[in-house]
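*Asks:* I'd like to ask you about the structure that follows.
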Amino acid sequence: QVQLVESGGGLVQPGGSLRLSCVASGSIFGIYAMGWYRQAPGKQRELVAGITSGGNTNYADSVKGRFTISRDNARDTVYLQMTSLKPEDTAVYYCYQDLRTRWAWGQGTQVTVSS
C-alpha cells in the first residue's frame, strides 16, 4: 500500500523559508511523477509544483522564482523548498504521487506565514 508522509511545515514570518519533505513507501518511487498541492481555508486545492520521473518541473505562477521542487530517488523523497514566503502562502500542503491509474495523497502539513 502506498503511503506518503509529509513533514517540515510550521509557522514562519513573511520573507522566511521552509523546506517540506514527503517520504513515499509502497511504490517504485523513481518511476512516478510527484508534487505538491495546497489548500487554504475556504479555497479549492491548487497545484503548487510537480516533478516528473525524469526531473522536469512545473510551478504555479504564484510561486515561480520562490519555490523549488526536487526529488531524491535514493531516499524516496520529494522536497519543496519555499523562500520569500508570503501570508498568502498559508495553507495545508499535500504531497501527491501520480500512480497513473490513481493518485496517492499524504495527510498534509500546515504552513502558516504570519508576523
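*Asks:* Restricting to the range 29-41, what's the tally of residues that are touching a strand residue (DSSP E or B) at 6+ places or on another chain (Cβ under 6 Å) and either open to solvent by 70 Å² or more (accessible area, probe 1.4 Å) or of a type in the set (Ser, Thr, Tyr) (or both)?
*Replies:* Looking only at that region, the number is 2.
*Asks:* Could you tell me whether Gln44 is among the polar types (S, T, N, Q), touching a residue at least 40 places away in the same chain (Cβ under 8 Å) and either under 12 Å from Val92 (Cβ atoms) or open to solvent by 70 Å² or more (accessible area, probe 1.4 Å) (or both)?
*Replies:* no
*Asks:* Further question on the same structure: Of all residues being without any contact (Cβ under 8 Å) to a residue 60 or more places away in the chain and of a type in the set (A, V, I, L, M, F, W, C) in the range 1-28, which is most open to solvent (accessible area, probe 1.4 Å)? Just the residue, please.
*Replies:* Step by step, filter the range 1-28, then rank; the result is Ile28.
*Asks:* Within the range 75-97, is even one residue free of Cβ contacts under 8 Å to residues at least 60 places away in the same chain, acidic (Asp, Glu) and surrounded by fewer than 14 Cβ atoms within 10 Å (Cβ to Cβ)?
*Replies:* yes
*Asks:* Given Ser84, Ser53, which one is under 22 Å from Gly16 (Cα atoms) and more than 12 Å from the chain's Cα centre (by Cα)? Don't jump to the end; show me each part of the working.
*Replies:* Values: Ser53 fails: under 22 Å from Gly16 (Cα atoms).
Of the residues listed, the single one that is under 22 Å from Gly16 (Cα atoms) and more than 12 Å from the chain's Cα centre (by Cα) is Ser84.
*Asks:* Do the conditions hold for Gly50, that is, is it farther than 15 Å from Gly9 by Cα, at pLDDT 95 or above and either open to solvent by 40 Å² or more (accessible area, probe 1.4 Å) or in contact with a Lys or Arg (Cβ under 8 Å, 6 or more places away or on another chain) (or both)?
*Replies:* Considered against the rule, which asks whether it is farther than 15 Å from Gly9 by Cα, at pLDDT 95 or above and either open to solvent by 40 Å² or more (accessible area, probe 1.4 Å) or in contact with a Lys or Arg (Cβ under 8 Å, 6 or more places away or on another chain) (or both), Gly50 comes out as no.
*Asks:* Out of all the residues in the range 50-62, is one or more part of a helix (DSSP H, G or I) and at negative phi?
*Replies:* yes
*Asks:* Does Ser21 satisfy the criteria of being over 16 Å from Cys95 (Cβ atoms), outside any loop (DSSP other than H, G, I, E, B) and modelled with pLDDT of 95 or more?
*Replies:* On the way: over 16 Å from Cys95 (Cβ atoms): no; outside any loop (DSSP other than H, G, I, E, B): yes; modelled with pLDDT of 95 or more: yes.
Against the criterion (over 16 Å from Cys95 (Cβ atoms), outside any loop (DSSP other than H, G, I, E, B) and modelled with pLDDT of 95 or more), Ser21 does not qualify.
The values are calculated or read from the model by the stated rules, or taken from the named source; none is laboratory data. Keep in mind it's a predicted model, so treat the numbers as computed, not measured. In this analysis, Cβ positions are derived from the backbone assuming ideal geometry, glycine residues included, and neighbour counts consider all displayed protein chains. Just so you know, the surface numbers come from the protein's heavy atoms only, side chains and all, with ligands and any DNA or RNA stripped out. Shrake-Rupley method; radii C 1.70, N 1.55, O 1.52, S 1.80 Å.
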